């Protein structure tokens, strides 16, 4: 038996200015304090993130602080997992604010649905006024389910990493998070929790989506700039290509042809839709037109490049 219900793992890099808001919200959970712990993993920060994290560990006995000098989010998550004493691990981004009843909801799902892996949704939190063209839908994660639901494995649906819960034993059985993908310091990266979920799909292990499991997600200034959307799309394409490096021969050529076909067809379809919106919708701006028309091509272009070149 595990001594704790939950281990919350916060992996952080150069977030001293906002990390305290996240940690304070975790200290103020309505859930019994003797039933969870918070593990803060400093992923080789260069600011005073370590001092902020240590100050919480000094005050609260259920806070733990450690470091991981290999600047990969996947490695930091694996480091936190090994220190965890909870039956279930809860991975949260370091830029979220967690409502007081968050853990109560996690506990409810654990005891009433029997899933070993699930995730929630985020509500954008803006500290400054957002530009008119920035849509909440660009920055939120949503699946088309109004209540707790098993995601569709055939459609390769997944939950995201900002609020990701998995049974510790299951994570270890899967070998943890793949260190080839994910954030690396200031370099945007994605895919470590997605790849893990694809492996769960392959083994017919159900994954849950809970729209009632909510938290507030800081929309930092760089996410309010047009460039970020294309950088993020490029990073996503790069991450997806990592898991196709072993494809060779005819399957590789077919995948290349399929990707080229998608670049042309999807772009033409998206261009038609976004141009229609730009002409007829009042609150649809030129930035929206660019994002909706060309973001997907950025992802596929980077995927195709790395698929062919197979960089290390």
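All of the numbers you see were taken from the coordinates with simple rules; none came from a lab. Since we're looking at a predicted model, the values are computed, not measured. Positions of Cβ are backbone-derived with ideal geometry, glycine not excepted, and every protein chain shown enters the neighbour counts.
Assorted remarks:
- To the nearest ten degrees, helix 73-83 and the longest principal axis of the Cα atoms of the chain are 20 degrees apart.
- Rounded to 10°, Cα long-axis angle of helix 192-202 versus longest principal axis of the chain: 80
- Its Cα gyration tensor gives region 226-309 an equivalent ellipsoid, and the semi-axes of that ellipsoid, as √(5λ) in whole Å with the largest first, are 29, 14, 6.
- The three principal axes of the C-alpha atoms in region 1-99 carry coordinate ranges of 37, 24, 22 Å, sorted with the longest axis first.
- Model label sites at residue 220 and residue 132, defined 7 Å from Cα along the beta-carbon direction, differ in position by 2.9 nm.
- Here the label points at residue 47 and residue 172, each 7 Å from Cα along the C-beta direction, are separated by 3.5 nm in the simple model.
- Angle in degrees between helix 286-309 and the longest Cα principal axis of the chain, rounded to the nearest 10: 90
- Calculated mean residue ellipticity, 222 nm, the chain: -14500 deg cm²/dmol, from DSSP H runs (n ≥ 4) at -39500 (n - 2.57) each, averaged per residue and rounded to 500.
- For region 164-312, the alpha carbon convex hull comes to 168 Å³ per residue, rounded to a whole number.
- Rh (Kirkwood; distinct C-alpha pairs) - region 135-247, Å: 15.7
- Bridges between two residues of region 4-223, per DSSP, are antiparallel at a rate of about 35%.
- Along principal axes, Cα extents of region 91-184, largest first, whole Å: 45, 34, 30
- When the alpha carbon gyration tensor of region 76-141 is reduced to an equivalent ellipsoid, the three semi-axes, largest first, read 28, 16, 11 Å.
- Shape category assigned to region 4-223 from the gyration tensor of Cα positions, a/c cut at 1.5: rounded
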